[in-house]
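Any read-out appearing in this document is the output of simple, stated calculations on the displayed coordinates, not a laboratory observation. As the structure is a prediction and not an experimental result, all values here were calculated from the model. Methodologically, a virtual Cβ is constructed for each residue, glycine included, from the backbone with ideal geometry; neighbour enumeration extends over all protein chains shown.
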Amino acid sequence: MKCFALLLLLLASPALADSRMGAAPLANVQLTDVRQERQARALMETIRCLVCQGQSIADSDAEMAGDMRSLIRERIQKGERPEAIRSWLIQRYGDWVTYEPPLSVTTIFLWGLPVLLLMLGGGLALGRIRRTSKR
């Protein structure tokens, strides 16, 4: 029984592992230029954390989110436009990395499904109202 428990602990340890590296240089440090920091912050709020999935990289404490924040600040500090950085991130990680995926063949389902569901719900509600009013 002890061997089994030990084996479970050994198998679970990678799931609990965390890097021993320090945070990326600009992960938690604001840029000195207020305009550049504002641009970086606005971009960070529109980029999804790849680890947390539900949070933006601006709000996430995940190491990868910190690396992405640092990367965005470094590129903006060098004079790169936020749109170019966003395009690079989408090219590298896919449309999923942004909260506003562009309309394309692969994302048409994301954009069309809410409309389809609203139409279906409206049709069901209308049918229910008609049946109720006939009684």
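In sequence order, what are the phi-derived ³J(HN,Hα) couplings for segment 102-109 according to the Karplus relation 6.51 cos²θ - 1.76 cosθ + 1.60 with θ = phi - 60°, rounded to whole Hz, with x for glycine and proline?
Here the 3J(HN,Hα) series is x, 6, 8, 4, 6, 10, 4, 5 Hz.
Sticking with the crude label model, points 7 Å out along Cα→Cβ, report the distance from residue 117 to residue 30 in nm, one decimal please.
3.7
Between residue 110 and residue 128, what length comes free when the chain is fully extended (0.36 nm per residue of separation minus the Cα-Cα distance, one decimal in nm)? Present the calculation step by step, with values, prior to reporting the outcome.
Numbers: separation 18, 0.36 × 18 = 6.48 nm, distance 2.78 nm.
Full-extension gain reported as 3.7 nm.
Computed FRET efficiency, Cβ-Cβ of residue 51 and residue 90, R0 25 Å: what is it to the nearest 0.05? Please list the in-between numbers first.
On the way: r = 18 Å, r/R0 = 0.70.
Approximately 0.90, to the nearest 0.05.
With θ set to phi - 60° and the Karplus curve 6.51 cos²θ - 1.76 cosθ + 1.60, what are the ³J(HN,Hα) couplings of segment 74-90 in order, to the nearest whole Hz, using x for Gly and Pro?
4, 5, 5, 4, 7, x, 6, 6, x, 5, 5, 5, 4, 4, 5, 5, 5
Under the 0.36 nm per residue contour assumption, what length would be gained going from the current alpha-carbon distance of residue 100 and residue 61 to full extension? Please report the intermediate quantities before stating the final value.
On the way: separation 39, 0.36 × 39 = 14.04 nm, distance 2.18 nm.
Gain on stretching residue 100 to residue 61: 11.9 nm.
Can you list residues whose amide H is under 5 Å from residue 56's amide H, if they're 5+ apart or on another chain and H is modeled 1.01 Å from N?
49
Starting at the first residue of segment 26-35, write each ³J(HN,Hα) from the Karplus equation 6.51 cos²θ - 1.76 cosθ + 1.60 with θ = phi - 60°, in whole Hz, x for Gly and Pro.
Using θ = phi - 60°, the values come out as 10, 5, 10, 10, 6, 6, 6, 7, 4, 5 Hz.
Just subtract the alpha-carbon distance of residue 80 and residue 42 from 0.36 nm times their residue separation and send over the number in nm, one decimal.
That pair, residue 80 and residue 42, stretches by 12.2 nm at full extension.
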